[in-house]
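One structure below.
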Amino acid sequence: MSGINMIKNKIMVLSGKGGVGKSSIAVNTAVALKNKGFKVGLLDIDLHGPSVPHMLGLQNERLNANDDDKLLPVEKDGMKVISIGFLLDDENRAVIWRGPLKYKLLMQFLTDVEWGELDYLIIDSPPGTGDEPLTILQNIKDLAGAVIVTSPQSIALLDVKKALDFLNQMSIKLIGIVENMSGYKCPKCGELSHIFGNEDIEKKLGGKVIARIPIMKEFVELSDISKIPVENNEEIKKHFEQIAESIISSE
Ligand code: ADP
């Protein structure tokens with residue numbers, strides 16, 4: 001047994017559309033699980049916008065292979081990380097790859113990585129229900145489940161419906177929905193503004209909401225300077241402990 005087969009629980013983080021905080025949720029959830037004492041890996045397959053290396057302060061790292069030609073994940077405080085960003089020479093360059101090349105790379109990430117024994121692998125997939133998430137779902141037969149990230153705006157919910165249908169068709173368990181950017185509390189007057197809408201997700205979609213994370217200035221500020229929000233802000237930490245608990249209890 002090698003590669004991805006050594007990992008007990010593989011969990012995919014999906015979103016209907018881009019910009020709702022999917023990568024942020026994937027990274028901070030992985031770190032929250034690691035801080036609970038689990039052995040954790042993070043696989044970033046957002047081939048066109050790999051933001052994971054920057055969020056973890058690993059933007060200068062590159063992937064190496066061992067004598068058996070297996071890729072060795074980059075380590076961040078004991079967490080194992082694989083990202084397409086580690087293969088790019090210049091993080092400012094757009095990746096223009098056609099389907100077959102993308103497929104080959106994804107398959108290599110799924111089969112040729114020396115992960116070692118892990119409790120959890122968090123997979124940050126690109127937004128939507130296109131080729132990349134489909135390739136993952138078709139090639140990981142024992143996925144433990146998926147977490148969907150969305151903002152509470154009605155246009156985002158339309159795409160979440162599609163993502164839920166996609167999971168249904170592939171018989172993947174929904175661990176829960178993370179409502180991100182769920183209102184902004186004014187630090188001066190305390191008033192809550194629903195900048196990205198205020199749709200009742202559970203009522204509209206039927207899935208369980210496992211965390212509601214407000215828009216927080218600290219989230220952007222910390223991520224931008226490669227500090228991990230879950231390790232540097234108590235309120236953010238509480239939200240991600242809740243997500244981690246939902247994942248742990250979903251087994
Ligand atoms: P996606 O993966 O869905 O495209 P990202 O995780 O890259 O989204 O997040 C997009 C931007 O939003 C980033 O700058 C991130 O720091 C910010 N962000 C994510 N969640 C929050 C939040 N709860 N509050 C404030 N900013 C957030």
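Descriptive notes on the structure:
- Residue within the stretch 63-77 that is of a type in the set (A, V, I, L, M), under 21 Å from residue 244 (Cα atoms) and not in a loop (DSSP other than H, G, I, E, B) present: no
- Restricting 215, 155, 123, 177 to those that are aliphatic (A, V, I, L, M), under 28 Å from residue 81 (Cβ atoms), out of contact with any Leu (no Cβ under 6 Å at 6 or more places or on another chain) and not in a loop (DSSP other than H, G, I, E, B) reduces the list to 177.
- Check on residue 85, under 30 Å from residue 232 (Cα atoms), in contact with a Pro (Cβ under 9 Å, 6 or more places away or on another chain), surrounded by fewer than 23 Cβ atoms within 10 Å (Cβ to Cβ) and at pLDDT below 90: no
- None of 118, 143 is in contact (Cβ under 8 Å) with a residue 60 or more places away in the chain, more than 20 Å from residue 51 (Cβ to Cβ) and either within 16 Å of the chain's Cα centre (by Cα) or crowded, with 22+ Cβ neighbours inside 10 Å (or both) except 143.
- Among the residues of this structure, residue 144 counts as one that is small (Gly, Ala, Ser) and in a strand (DSSP E or B).
Here's the yes/no breakdown for (1) under 19 Å from the mean Cα position of the chain (by Cα); (2) under 29 Å from residue 166 (Cβ atoms):
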| position | (1), (2) |
| --- | --- |
| 195 | no, yes |
| 204 | no, yes |
| 214 | yes, yes |
| 226 | yes, no |
| 237 | yes, no |
| 243 | yes, yes |
| 249 | yes, yes |
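- Residues of the stretch 8-57 that are closer than 19 Å to residue 211 by Cα, within 12 Å of the ligand (Cβ to nearest atom) and under 8 Å from the mean Cα position of the chain (by Cα): 13, 14, 22, 23, 24, 25, 26, 27, 29.
- Just one of the listed residues (58, 42) is within 27 Å of residue 150 (Cα to Cα), surrounded by fewer than 20 Cβ atoms within 10 Å (Cβ to Cβ) and touching a Ser or Thr at 6+ places or on another chain (Cβ under 9 Å), and it is 58.
- Test: residue in the stretch 156-171 that is over 30 Å from residue 38 (Cα atoms), among the small types (Gly, Ala, Ser) and over 20 Å from the mean Cα position of the chain (by Cα): no
- Long-range neighbours under 6 Å by Cβ, at least six apart or interchain, first residue within 13 Å of residue 147 (Cα to Cα) and polar (S, T, N, Q) within the stretch 19-39, second part of a loop (DSSP other than H, G, I, E, B) and within 16 Å of the ligand (Cβ to nearest atom): 23/51
- Scanning the stretch 186-195 finds one or more residues that are over 30 Å from residue 76 (Cα atoms) and among the hydroxyl-bearing types (Ser, Thr, Tyr).
- Count of the stretch 105-122 residues which are at pLDDT below 95 and farther than 16 Å from residue 63 by Cβ: 1
Each row is one residue, and each column tells you yes or no for (1) under 25 Å from residue 11 (Cα atoms); (2) surrounded by fewer than 17 Cβ atoms within 10 Å (Cβ to Cβ); (3) in contact (Cβ under 8 Å) with a residue 40 or more places away in the chain; (4) within 13 Å of the ligand (Cβ to nearest atom).
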| residue | (1), (2), (3), (4) |
| --- | --- |
| 197 | no, yes, yes, no |
| 204 | yes, yes, yes, no |
| 210 | yes, no, yes, no |
| 214 | yes, no, no, yes |
| 220 | yes, yes, no, yes |
| 229 | yes, no, yes, yes |
| 240 | yes, no, yes, yes |
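- When residue 189 is tested against (1) of a type outside the set (S, T, N, Q); (2) assigned to a helix (DSSP H, G or I); (3) exposed (fewer than 12 other Cβ atoms within 10 Å of the Cβ), only condition (2) is not met.
The values are calculated or read from the model by the stated rules, or taken from the named source; none is laboratory data. The shown structure was predicted, so the numbers you read here are calculated from the model rather than taken from an experiment. Glycine also receives a Cβ, built like all others from the backbone with ideal geometry; neighbour counts cover every protein chain displayed.
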